[in-house]
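Structure record follows, encoded as C-alpha cells.
The values are calculated or read from the model by the stated rules, or taken from the named source; none is laboratory data. Note that this is a predicted model, so its numbers are computed, not measured. Cβ coordinates were reconstructed from backbone atoms using ideal geometry, including for glycine residues, and neighbour counts include every protein chain displayed. These area figures cover heavy atoms from the full protein model, side chains too; ligands, DNA and RNA do not enter into them. Shrake-Rupley method; radii C 1.70, N 1.55, O 1.52, S 1.80 Å.
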Amino acid sequence: MMRRRPGALWAGALVAVLALLAACTAAAAATITRRQHQRGASAAAAACDAFAAGRWVWDASYPLYDAARCPFIRDEFACARFGRPDTAYLKYRWQPEPPCAQPRFDGLALLRMWGGRTVMFVGDSLALNQYESLLCMLHAAAPGARTTASPASGKIDPSYTVRFEDYNVTLVYYLTHYLVDLVPEKAGRVLKLDAIDQARNWLGADVLVFDSWHWWPRTGPTQPWDLIQEGSTVVRDMDRTRAFTKALHTWAAWVDANLLHTDTKVFFQGISPSHYRGQDWGASPKKTCMGETRPLNGTGPYPGGPIPQQAILRSVLAGMAKPVYLLDFTYLSQLRKDAHPTKYDGGIFAGDCTHWCVAGLPDTWNVLFYAALTGQI
C-alpha cells in the first residue's frame, strides 16, 4: 500500500475545508436572497429602521404636489377641496434617525421601473388612501402623461384601475375588507375565515400591497356580515383578534401556494391608527382629532402604546415562505393626530379620525414604499 505524504494530507484537508466553507457561504447567501425582501432580514435593515426611529420635521418644500391639480382624489380624502383652513399638516416630512438616509421619491423613475407592469392595492379604504396618494404623486411627476380610468364613473365594484398610457403602467385598487371571502347565503352574510376564492383576481399583478384590520372590530349596523364560518363550524361571533389571525393565516397560505415561485413583490401595509381617544396622545379622553393642527412631538414611544394586532401581523409574515415586506407605517402615523379629514370630507363621515387627507400623510407612506422598492431602506 502506498503511504501518502504529510503535505498531501494537509492539502487534501485544506481543499475539503474550503469546499465546506464555500457550501456554507452559498447556503447563507441563498437564505439572505430569499429573505432580503422582508424587513429586518438583511444587516442593512437591522441597522436602519426608517419606520420606527424618526421624527416629523417642518419642510417648507412640502407638500410634494398640489392636491387641486390631482384628478384622482375622492371626496372623503379631499380636505383642501372641502375647505380645511389650515395647511401646516401638509408641511411635515418624516425624518428617520441615523444611520438611515433620508428617503427620496422619484415619480418618473418609478413609472419607468414599472413599465409594462401591474401594481395592485388590495384591502379596505386605508389601502385606497395610499393608492390615491400614489396616483397623485405619479401624476405630479408626469403631469402631461395620458391616463385612463376604469370604470370611468370611478365606482369601485370591486376594483378600480388607472393606467398611465405613455408608460404602460397599470395601477389597480381591489376592495376587500377582510381579505378572506364574504359570501351571501340563505342563512345570511357569511364571513369565511378559511376561504379566499376572490384571490384569483389578484393573480398576474407584479406588485401587491395588502392591508387589513380596520373592519374587524366593527359591530352593529356597520358590521357587514351575520355569521362566521371556519370549516363546517358556523358561529354568530368570535373574538375579533382571533378571527383576524385565522384570516391572516388563510391569506398567508394562499400567498405561499400561489406566489412563492413568482417574481411578484408582496408588501403589507402596517395597521393604520385612528385618533378618537385623546388619552392615547396625552390629552383629555374626550378629545378627538377634531381641531388638531400639529403632529405629536418627540421621538419616544407613543403614549397610547402599540396596536396589539400589529404583533400578530409581524408573526404571520415571519412564518411565511414567500418574503413579504412590512410597510410598518403604524408608529409614524400614530404621531399624526393632525392629518385626518375630520369634517372636511364632503359630509361623507361625521368627524373622520380614521382616514387621512390627500395630499398629506399617505404621501410619506409612498415615499417609504418607493424607498423599499428601490432598496433605500
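With 134, 126, 179 as the choices, which residue is touching a residue at least 60 places away in the same chain (Cβ under 8 Å), buried (at least 20 other Cβ atoms within 10 Å of the Cβ) and out of contact with any helix residue (DSSP H, G or I) (no Cβ under 7 Å at 6 or more places or on another chain)? Reasoning before the result, please.
Details: 134 fails: out of contact with any helix residue (DSSP H, G or I) (no Cβ under 7 Å at 6 or more places or on another chain); 179 fails: out of contact with any helix residue (DSSP H, G or I) (no Cβ under 7 Å at 6 or more places or on another chain).
Answer to the selection: 126.
Kindly check whether there is at least one residue in the stretch 159-173 that is touching a Lys or Arg at 6+ places or on another chain (Cβ under 6 Å), at pLDDT 95 or above, assigned to a strand (DSSP E or B) and surrounded by 13 or more Cβ atoms within 10 Å (Cβ to Cβ).
Applying the first criterion (touching a Lys or Arg at 6+ places or on another chain (Cβ under 6 Å)) to the stretch 159-173 yields 165-166, 170.
Going one step further and asking which of them are at pLDDT 95 or above, we end up with 165-166, 170.
Now drop any that are not assigned to a strand (DSSP E or B), which leaves 170.
Those still in the list that are surrounded by 13 or more Cβ atoms within 10 Å (Cβ to Cβ) too: 170.
Among the residues of the stretch 159-173, at least one is touching a Lys or Arg at 6+ places or on another chain (Cβ under 6 Å), at pLDDT 95 or above, assigned to a strand (DSSP E or B) and surrounded by 13 or more Cβ atoms within 10 Å (Cβ to Cβ), which makes the answer yes.
Given the residues 154, 188, which is the only one that is more than 27 Å from residue 118 (Cα to Cα), out of contact with any His (no Cβ under 8 Å at 6 or more places or on another chain), among the small types (Gly, Ala, Ser) and open to solvent by less than 20 Å² (accessible area, probe 1.4 Å)? Don't jump to the end; show me each part of the working.
Details: 154 fails: more than 27 Å from residue 118 (Cα to Cα).
188 is the lone residue from the list that is more than 27 Å from residue 118 (Cα to Cα), out of contact with any His (no Cβ under 8 Å at 6 or more places or on another chain), among the small types (Gly, Ala, Ser) and open to solvent by less than 20 Å² (accessible area, probe 1.4 Å).
Filtering the stretch 318-344 down to residues that are touching a Cys at 6+ places or on another chain (Cβ under 7 Å) and part of a loop (DSSP other than H, G, I, E, B), which residue is most open to solvent (accessible area, probe 1.4 Å)? Explain how you work it out, then say what you get.
Start the filter on the stretch 318-344 by keeping residues that are touching a Cys at 6+ places or on another chain (Cβ under 7 Å), which leaves 337, 339-342, 344.
Checking which are part of a loop (DSSP other than H, G, I, E, B) leaves us with 337, 339-341, 344.
On the way: 337: 21, 339: 1, 340: 1, 341: 0, 344: 46 Å².
Filtering the stretch 318-344 for residues that are touching a Cys at 6+ places or on another chain (Cβ under 7 Å) and part of a loop (DSSP other than H, G, I, E, B), the one most open to solvent (accessible area, probe 1.4 Å) comes out as 344.
Taking the stretch 69-118 only, how many residues are without any contact (Cβ under 8 Å) to a residue 60 or more places away in the chain, of a type in the set (D, E, K, R) and within 24 Å of residue 163 (Cα to Cα)?
Residues meeting the conditions: 1.
Going by the conditions given, is residue 246 surrounded by fewer than 19 Cβ atoms within 10 Å (Cβ to Cβ) and more than 21 Å from the chain's Cα centre (by Cα)?
Values: surrounded by fewer than 19 Cβ atoms within 10 Å (Cβ to Cβ): yes; more than 21 Å from the chain's Cα centre (by Cα): no.
Considered against the rule, which asks whether it is surrounded by fewer than 19 Cβ atoms within 10 Å (Cβ to Cβ) and more than 21 Å from the chain's Cα centre (by Cα), residue 246 comes out as no.
Can you find even one residue in the stretch 261-279 that is open to solvent by 20 Å² or more (accessible area, probe 1.4 Å) and of a type in the set (A, V, I, L, M, F, W, C)?
No: zero hits.
Among 100, 79, which is the only one that is part of a loop (DSSP other than H, G, I, E, B), within 23 Å of residue 265 (Cβ to Cβ) and open to solvent by less than 50 Å² (accessible area, probe 1.4 Å)? Working first, answer last.
Numbers: 79 fails: within 23 Å of residue 265 (Cβ to Cβ).
It is 100.
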